[in-house]
1. Looking at the stretch 9-54, which of its residues are touching a residue at least 40 places away in the same chain (Cβ under 8 Å), of a type outside the set (A, V, I, L, M, F, W, C) and open to solvent by 20 Å² or more (accessible area, probe 1.4 Å)?
2. Check SER102, SER135, SER128, SER123 and return the single one that is more than 19 Å from PRO9 (Cβ to Cβ), of a type in the set (Gly, Ala, Ser) and either within 14 Å of the chain's Cα centre (by Cα) or at pLDDT below 85 (or both).
3. Output the residue which, of all residues in the stretch 112-131 that are outside any loop (DSSP other than H, G, I, E, B) and closer than 15 Å to ILE74 by Cβ, is most open to solvent (accessible area, probe 1.4 Å).
4. Could you list all residues from the stretch 174-199 that are within 16 Å of PHE138 (Cβ to Cβ) and either in contact with a helix residue (DSSP H, G or I) (Cβ under 9 Å, 6 or more places away or on another chain) or modelled with pLDDT under 95 (or both)?
5. Let me spell it out: the conditions are (1) open to solvent by 40 Å² or more (accessible area, probe 1.4 Å); (2) in contact with an Asp or Glu (Cβ under 9 Å, 6 or more places away or on another chain), and ALA190 meets all of them except one. Which number is the exception?
6. Which residue is modelled with the highest pLDDT, if the candidates are limited to the stretch 55-79 and must be open to solvent by 40 Å² or more (accessible area, probe 1.4 Å) and assigned to a loop (DSSP other than H, G, I, E, B)?
Amino acid sequence: MKYIVITSPGHIEAEADKITALIDNGVEFVHLRKPGADREQMLHLIESIPAKYLRQLTLHDHYDLCEETGIGGIHLNQRNLLLPSTTKIMAEASGKLRISRSLHSIEEITQTDAEDYHYRTLSPIFDSISKAGYSSAFHLKDIVQDIREKQIVALGGVTPAHHKILEETGFWGAALLGYIWGEDFHTALAELAKSIREQ
């Protein structure tokens with residue numbers, strides 16, 4: 001199972017160092033999700049991260065920064081449902097740019113073509129840790145056939161303790177947000193790293 005971490009939308013102390021620590025400990029991709037950040041703020045964060053990690057980063061906004069910085073992926077979401085034409089051209093030309101997408105229903109899985117995306121996130125799988133009142137929208141036993149072999153990533157309330165059940169359900173990966181950026185990053189990182197090592 002692949003592990004993905006999504007950044008907190010707000011300010012995080014020493015965030016670049018924490019992002020590199022996540023990748024060093026086995027996280028496959030880190031999504032830079034800062035909906036309130038302008039282009040310069042996002043560029044500043046990216047430039048604070050060593051270049052060797054950039055291919056494992058994914059942008060949720062300001063897609064043009066991929067070409068400028070060498071970031072490896074972009075994620076389509078409710079704010080950005082379509083690729084800008086220049087980014088699409090770059091993705092097709094290089095063949096190296098990962099494209100992922102947010103989904104929130106089983107219908108969206110069938111309405112989007114898996115071949116167009118490296119992976120797609122489906123949420124909320126469990127009750128959200130970071131969003132109060134954002135409750136699970138799925139029963140895992142009911143979605144097994146809908147997600148198997150489709151590179152679907154579980155998002156929403158996910159912790160390392162969910163690894164086994166998510167793997168059994170057929171998820172390709174697990175995305176963590178609130179669990180990682182809670183009160184104790186280092187404890188969360190240690191628990192996540194242990195789960196990755198024990199796969």
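The values are calculated or read from the model by the stated rules, or taken from the named source; none is laboratory data. Owing to the predicted nature of the structure, the values given are computational and were not obtained by experimental measurement. Reconstructed Cβ throughout: ideal geometry from the backbone, glycine too, with neighbour counts over all protein chains shown. Please note that ligands, DNA and RNA were not included when accessible areas were found on the heavy atoms of the full protein model with its side chains. Shrake-Rupley method; radii C 1.70, N 1.55, O 1.52, S 1.80 Å.
1. The answer is LYS18, ASN25, GLY26, GLU28, ARG33, PRO35.
2. SER135
3. ASP116
4. ALA174, the sole residue that qualifies.
5. (2)
6. HIS62
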